[in-house]
Amino acid sequence: MAPWGWGLVRRALRATWWVWLFPAALTIAAVLRNLLFLDYVHVLSAVLWTGADLFMGFVVGPVLRRLDPGSRMRVQSQLLPRTLLFFPVMAGTTITSGWYVGQAIGLLRPSSPVDGWLVAALVVVVFLTVQGLAVLLPTNVRIYGMMLLPEPDIERIRRTMSRYLYLVGFQGLLQLGIVFIMAHLAMG
């Protein structure tokens, strides 16, 4: 890991220490086999993950696109440590707790009447997860590393951020899709 990597991890842990409360609550709910508590963990982590994703895609992204490169770099350098752990932990907690809830209420049986909606949910969640962990997270770290160089290549950062912000918008659209699917599942 590059020298700036450990500093980034330390900043991320300090900025989002509270995010670890969600996997802890998930673990407690699963051990106690408390479906209501498990459902609360699922819904709250999903609301935080989805809300933050939509906010980033439809509010922060367009604002960042209009900032000059220096201002964009300053905002991004403050935003990255706060999102570095937040998104993967919230996504993991949401997906895992959703799996346990679905299993507990019988939605994951092959005879479930909503199996088409579950397949759709799985497809969207796979896209969200792969894009988030394999594309957005590494791009975030790469941009942060470029910004910490003694003489950052502003044009390269701008080009990378431009592509990145469109992907964040697509992530927001996927989140709207999962909200639609989950609302349908909740209503039966």
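The values are calculated or read from the model by the stated rules, or taken from the named source; none is laboratory data. The model shown is predicted, which means the values in this text are computed figures rather than measured ones. Note that each Cβ is placed from the backbone with ideal geometry, even for glycine, and that neighbours are counted across all protein chains shown.
Out of Ala134, Ala186, Ala104, Ala121, I need the residue that is closer than 25 Å to Ala29 by Cα and exposed (fewer than 13 other Cβ atoms within 10 Å of the Cβ). Which one?
It is Ala186.
From Ser112, Ser71, which residue is modelled with pLDDT under 90, outside any helix (DSSP H, G or I) and among the polar types (S, T, N, Q)?
Going through Ser112, Ser71 in turn, the sole match is Ser112.
Restrict the check to segment 20-31 and report whether at least one residue is in contact with a Phe, Trp or Tyr (Cβ under 9 Å, 6 or more places away or on another chain), surrounded by fewer than 18 Cβ atoms within 10 Å (Cβ to Cβ) and either in contact (Cβ under 8 Å) with a residue 40 or more places away in the chain or within 20 Å of Gln171 (Cβ to Cβ) (or both).
Within segment 20-31, one or more residues are in contact with a Phe, Trp or Tyr (Cβ under 9 Å, 6 or more places away or on another chain), surrounded by fewer than 18 Cβ atoms within 10 Å (Cβ to Cβ) and either in contact (Cβ under 8 Å) with a residue 40 or more places away in the chain or within 20 Å of Gln171 (Cβ to Cβ) (or both).
Pick out the one residue from Arg82, Arg66 that is without any contact (Cβ under 8 Å) to a residue 40 or more places away in the chain, closer than 21 Å to Met147 by Cβ and of a type outside the set (S, T, N, Q).
Going through Arg82, Arg66 in turn, the sole match is Arg66.
Looking at segment 92-120 only, could you name the residues that are more than 17 Å from Leu38 (Cβ to Cβ) and out of contact with any His (no Cβ under 7 Å at 6 or more places or on another chain)?
Arg109, Pro110, Ser111, Ser112, Pro113, Val114, Asp115, Gly116, Leu118, Val119, Ala120
Which number in (1) farther than 26 Å from Asn34 by Cβ; (2) outside any helix (DSSP H, G or I); (3) free of Cβ contacts under 8 Å to residues at least 24 places away in the same chain marks the one condition that Pro152 misses?
(3)
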